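Report on one structure; see the data block that follows.
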Amino acid sequence: MSALTRIRIAAPPSAVAAGLIAVMVGVTSSAALVFTAAKAAGADAREISSWMLALGVGLACTCAGLSLRHRAPVVTAWSTPGAALLTTGLSGVSMAQAVGAFIFSALLIVVSGVTGWFARVMDRVPVPLAAALLAGVLLRFGTGLFSTMDKSFAVAFPMFVIYLLGRRLLPRYAVLLALLGGVLATLFTGGWRTGEVRLALATPVFTAPEFDWKVLVSVGAPLFVVTMASQNLPGVAVLRGSGYEVPVSPLMTWTGAANAVLAPFGAFGLNLAAITAAICTGDEAHPDRDKRYLAAVWAGFFYLCVGLLGATVASLLTAMPHELVMAIAGIGLLATIESSLATALADKASREAAVVTFLATASGVTLLGIGSAFWGLLAGLVTSAIATAGRPGRGEPAAKPRPGGLPVR
């Protein structure tokens, strides 16, 4: 086998593009929250850079390691709702106390993996409801493609046309071609803010943890709850909705362990990704579903680049036009939204509960600091329980998804 053939096998363009888009969407959508959370704990420029390095290294190890181990597109991310919580929760908290809270939250995640309780909870979630939850989480990105046309028609519309033509002529490269078309369009329209780009390499800064029980209760415990409910739960739904039966407990254990080890350097929360994972589980990532794990491996590589370059990559992504990010995210998720809706509505008996899950999740409601993914699933489970009460066969196990996403009984 020639070297060129090995490169083509290890780095198919569609998988590389999917990994790049996943990282681009993940970082641009929440990097500002990470900086704000770090500043809330009194971090200086070196410590903020260390946070990005720790998060990048942690995501690189978990994305690549777990994907190669399970031969499935296991994409991880930092906890975006966790970062939002920290922007206010870390006010008046020292960096050492914050690190103690990060370790406490990570150890709770490890416990959830070792004991298997989270896996048992997920095993009770019917496949149609998991698919509806995924569709609800992704809806705003799908509609964002078309709402972007209202603000930046010259960028979003050509990207959409290029994608449609690519799907017809070169389906493996449709998303990549749309991305390249968008970059050219934004260069032509002058949407890049190049003045915001600065060069800087990240350096690790170690902070010894301090365990203050008040901070553990007020910051560590809520961080654990929002990470499990708003990130890991929909993250598992993405994998199962795409037909990947990856054991849940090891995923929790390894992400929590990596989080705990890197917490003293600023890794506040590592967890399964949902939206960005969906980019790597669809047909656009690779025509062979058994090879889509390569997209997650490449996502890990790009996360490592983000970590090593630290503020440089963050500033580059900040300089990128928002319209380009929204348009490519919507295009990259079209096929996943389609298959999720098909799976959610395939079983007539669970259709109403799936619709409730979809609508509640898509609403974006936040209660008690917990996002709509949790409340949408809860609403769907309650609807299903009431609708099926007293019916025969209520205790039958949920249908297992076949490759391609549709359930079979």
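Highest mean first, how do 85-92, 13-20 rank when packing is the count of other Cβ atoms within 10 Å averaged over residues?
So the peptides 85-92, 13-20, ranked by packing, come out 13-20, 85-92.
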Per-residue SASA entry for Ile103, accessible area with 1.4 Å probe, Å² rounded to 10: 20
Per-residue SASA entry for Asp290, accessible area with 1.4 Å probe, Å² rounded to 10: 90
Residue among Phe358, Phe301, Phe206 with the largest mean-square fluctuation in a Gaussian network model of the chain, springs linking Cα atoms under 10 Å: Phe206
Per-peptide average of other Cβ atoms within 10 Å, ordering 182-192, 69-79, 258-268 highest first: 69-79, 258-268, 182-192
Dipole in debye (nearest 20) - the chain, about Cα centre, beta carbon charges: Lys, Arg +1; Asp, Glu -1: 840
Cross-link partners of Lys348 among aspartates and glutamates (Cα-Cα below 20 Å; sequence separation of 8 or more within a chain): Glu338, Glu396
Three-way shape call for segment 58-208 based on the alpha-carbon gyration tensor, with the a/c threshold at 1.5: oblate
Under 15 Å from the Cα of Lys39 - aspartates and glutamates, other chains or at least 8 residues apart: Glu47
Shape category assigned to segment 181-337 from the gyration tensor of Cα positions, a/c cut at 1.5: oblate
Share of carbon and sulfur in the accessible heavy-atom surface of segment 1-135 [1.4 Å probe, %]: 65
Mean Cβ count within 10 Å, highest first, over the residues of peptides 153-162, 378-387: 153-162, 378-387
Pairwise FRET efficiency - Val261 versus Lys214, Cβ, R0 = 41 Å, nearest 0.05: 0.95
Solvent exposure ordering (accessible area, 1.4 Å, most first) of Cys280, Cys61: Cys61, Cys280
Accessible-area value, Arg167, 1.4 Å probe, nucleic acids and ligands omitted, Å²: 100
Accessible surface, the chain, averaged per residue in Å² (probe 1.4 Å): 42
With every protein chain in place, segment 211-253: carbon and sulfur % of accessible area (1.4 Å): 71
For segment 168-239, alpha-carbon Rg relative to the globular expectation (2.2 N^0.38 Å, N residues): 1.96
Given charges at Cβ of Lys, Arg, Asp, Glu: the chain dipole, positive-most of Ala277, Thr189, Pro13: Pro13
Relative contact order of the chain, pairs being alpha-carbon contacts under 8 Å that are 6 or more residues apart, as %: 34
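The values are calculated or read from the model by the stated rules, or taken from the named source; none is laboratory data. Computed from a prediction, not measured in an experiment: that's the story for all the values here. Cβ: placed from backbone, ideal geometry, glycine included. Neighbour counts: every protein chain shown. The area values use the complete protein model at the heavy-atom level, side chains included, leaving out ligands, DNA and RNA. Shrake-Rupley method; radii C 1.70, N 1.55, O 1.52, S 1.80 Å.
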